[in-house]
1. Please give the residues of region 153-176, grouped as numeric ranges, whose backbone N is less than 12 Å from a label point set 7 Å along the Cα-to-Cβ vector of Ala111.
2. Can you list residues whose amide H is under 5 Å from Ile201's amide H, if they're 5+ apart or on another chain and H is modeled 1.01 Å from N?
3. At 37 °C and 0.692 mPa s, what whole-number value in µm²/s does Stokes-Einstein give for the translational diffusion of region 116-183, with Rh from the Kirkwood sum over Cα pairs?
4. Looking at region 162-261, which GluC sites (Glu not before Pro) are DSSP coil and have at most 16 other C-beta atoms within 10 Å of their C-beta?
5. If the limit is 24 Å between Cα atoms, which of Lys131/Lys238; Lys263/Lys325; Lys168/Lys238; Lys262/Lys310 go over it?
6. Contour minus end-to-end for Arg329 and Glu244, with contour as 0.36 nm per residue of separation and end-to-end as the Cα-Cα distance?
7. Convert each backbone phi in region 329-346 into a coupling constant with the Karplus relation 6.51 cos²θ - 1.76 cosθ + 1.60 (shift: θ = phi - 60°), then list the ³J(HN,Hα) values in order as whole Hz, x for Gly and Pro.
8. How far apart, in nanometres, would the label points at Glu104 and Lys263 be if each is projected 7 angstrom from Cα along the Cα-to-Cβ direction?
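Just so it is clear, none of the values below were taken in a lab; they were calculated from the coordinates. In this text, all values refer to a predicted model and were calculated from it rather than measured experimentally. Glycine gets a Cβ as well: all are built from the backbone with ideal geometry, and neighbour counts include every protein chain shown.
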Amino acid sequence: MVELVDLQRQVAVAWIQSEPGTKCTCVKCATKFSPEGIDGPSLICPVCGHMPDRGLCEYLLTAFPKRESPPSEPVEVVPSAAPPGLDDVIGNASAVAQIRTALEAHRARVAAGSKAAFPSILLAGVGGVGKSMLASIIAHEVKKPIRLQMGQSLSDPARVGDVLRSLKAGDVLFVDEVHQLKPACQEALYLAMEGGIFVPIGKAGQPIGTPIKLPPFTLIGATTDEWSLLPSFLQRFKYHIRLERMTPDELAAALAEYADRKKWAVTAGACKTLAEKAHGTPRLALRLLDWAMDVALAGGSEVIDDIVVKATCELRDIDGLGLDKTERRYLSILDAAAGPVRVNVIASQLDTLARRTVEIKIEPVLIWLGLIEKTQIGRVLTTRGREHLRKGKS
């Protein structure tokens, strides 16, 4: 039986080859690029290196005429349809209430004749809790284009200056992974946020030339590690909003709503099981649901039920807590050790993953689930972690 992703890939390749000039849009950083490759279409994003999880079709939003954007300008994201509104956000009631209040206050100032842009806002939280979606909602509510930049792509103050000078009055500049900005870039941005100017900085780190006046703009930063930002930069954000993981009930409701919009038939039990494996994050919950839809279609079923969910988890090697093979391997390393294990030792045994990857991508979930603990001399397995290993997949 041919897997659904293989069928998607065949269709995508044929579509690309039949449409000269096709450009694809990276779902992570929104870069538009030509998919031509030596051995056929290549969908690896040349900017952020993102690869699609579900075959080539993840990128195939539409065809664009061939044209290159100036490298100094940020990407302007113009969605094909309006994003969901604040009323559509499930969970994070406090964050939604704060954003709603900020938007209402901004509208009142605009009605009174103010020309100021919507104030700067920092959205913090683990990956997958909806920071990018809320940024899109804010831009839609203030009726301004949102321009996306990744923190690591703003490599120096000159690049920051290029981006700032390209903005128009009221534009929303969304910097994802803003904690990856270098200190000099953070300084350039907070001067722009506070004084509305860009100060050119030379290679020696000293101001050069004449400060450049900027139009009023909105900076939205998204981060998984807000405390690594310079205090002077962090304090310039008027709103500092933290998004929390959602409860299984909230996630199950979100999955049911998403499936309804897609006109997919999903049982309540399937939504509940997927939500319990999603670690409180909408992104993972939706990814699990998409995978389950693939399994259902590949097996000739039109309904995602408990049987399909079980088959999906077996195919993806996901256990009862939603852990994958790498996360279980992490637990096994601690289980085999005589005492606490340093994170760099763990990283070296996980296919030589970078220490930062382990700390940011793997450990937060294991700590949140109560499976491991951090100590001053290393990581240790908790009683619950040991019990989960003994129980095996469920």
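1. none
2. So Ile201 has HN proximity to Ile208.
3. Answer from the Stokes-Einstein relation: 256 µm²/s.
4. Glu244
5. Long pairs (Cα-Cα over 24 Å): Lys263/Lys325.
6. Details: separation 85, 0.36 × 85 = 30.60 nm, distance 2.66 nm.
The Arg329-Glu244 span can extend by a further 27.9 nm.
7. Along region 329-346, the couplings run 5, 4, 4, 5, 4, 5, 5, 7, 7, 7, x, x, 10, 5, 5, 5, 5, 4 Hz.
8. 3.8
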